[in-house]
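Here is the structure we will look at.
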Amino acid sequence: MEIFGVDWQAALPFVAIGFFAQLIDGALGMAFGAIASALLVGVMGVTPARASYQIHLVKCFTTAASGISHAFSGNIDKRLFLLVLPAGVVGGVIGAYGLASLDGEAIKPFIFAYLGLLGVLLIGKGLRRNTRPQSPKGAIPLGLLGGILDAVGGGGWGPVVSSGLMLQGIEPRKVVGSVNAAEFFVAIAISAAFLLHLGLEEFTATTLGLLLGGVLAAPFGALAAKYLPASAMLVIVGTVLTATTMYWLAGKFF
């Protein structure tokens with residue numbers, strides 16, 4: 001089943017992974033990297049380094065599709081987008097070029113402790129139904145930190161930036177749309193370093209499968225973000241963060 005030299009039968013499992021990961025990411029503003037990495041490494045047997053490279057390359061395209069979908073759905077706040085965009089790009093460049101030698105495993109406990117706490121707080125906020133729109137505060141530091149962690153650890157943009165902004169009471173769908181749209185430029189900045197060393201040979205059946213699945217899922221994720229109630233989104237995001245933290249703890253200590 002080869003088309004244009006690509007064995008699409010071999011790529012189909014990766015299409016499914018890309019679709020599922022982008023559907024969650026587009027709806028909640030996070031988790032493409034985490035979900036794709038877990039399934040590629042844990043289920044499909046891809047090495048962690050290759051998985052990280054491929055995910056960043058794919059995100060250049062899936063985040064573009066997601067950003068356009070969110071724009072058409074009216075989910076982007078221009079002010080919030082312009083606040084997190086430059087900070088995220090700078091953070092991504094710092095992470096890719098200045099902190100490439102940092103041991104990602106060493107900082108994981110601190111990242112997961114932060115995300116687990118955010119998850120609990122978001123669930124509590126969602127259950128209280130206090131979802132009145134607020135003005136963004138600390139968007140620039142969150143964007144900078146999210147860009148650095150995304151480059152160093154292969155993920156972190158969505159969980160850090162989206163959840164941090166939602167916790168302040170900013171309308172969740174605007175957070176998701178704005179952060180997803182800005183992630184395109186962050187992904188480009190981070191991937192540029194990889195492309196200089198790896199070239200286009202990384203566009204294997206795995207990469208193309210992830211890319212196709214992610215692009216197909218982008219419009220559905222944007223629609224879900226538009227129509228999900230704000231309180232429900234806070235609870236779902238909080239649950240995803242808490243579950244991710246518990247999964248990491250279980251794998252670490254058991």
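Looking at residue 234, is it modelled with pLDDT under 85 and open to solvent by 40 Å² or more (accessible area, probe 1.4 Å)? Let's see the steps before the verdict.
Working: modelled with pLDDT under 85: yes; open to solvent by 40 Å² or more (accessible area, probe 1.4 Å): no.
No.
Where residues in segment 1-20 are at pLDDT 75 or above and either within 22 Å of residue 226 (Cβ to Cβ) or acidic (Asp, Glu) (or both), which of them is surrounded by the most Cβ atoms within 10 Å (Cβ to Cβ)? The residue in question is 18.
Would you point out the residue of segment 156-209, among those that are open to solvent by 20 Å² or more (accessible area, probe 1.4 Å) and not in a helix (DSSP H, G or I), that is modelled with the lowest pLDDT? Step by step, filter segment 156-209, then rank; the result is 203.
Taking the listed residues 85, 23, 80, the one that is within 17 Å of residue 156 (Cβ to Cβ), modelled with pLDDT of 85 or more and in a helix (DSSP H, G or I) is 85, with no other qualifying.
State yes or no: is residue 94 aliphatic (A, V, I, L, M), open to solvent by 60 Å² or more (accessible area, probe 1.4 Å) and either in a strand (DSSP E or B) or modelled with pLDDT of 80 or more (or both)? Answer is yes for this residue.
The values are calculated or read from the model by the stated rules, or taken from the named source; none is laboratory data. Computed from a prediction, not measured in an experiment: that's the story for all the values here. When we count neighbours, we look across all protein chains shown, and the Cβ atoms used for this are built from the backbone with ideal geometry, even at glycine. In case anyone asks, the SASA skips ligands and DNA or RNA and just uses the protein heavy atoms, side chains included. Shrake-Rupley method; radii C 1.70, N 1.55, O 1.52, S 1.80 Å.
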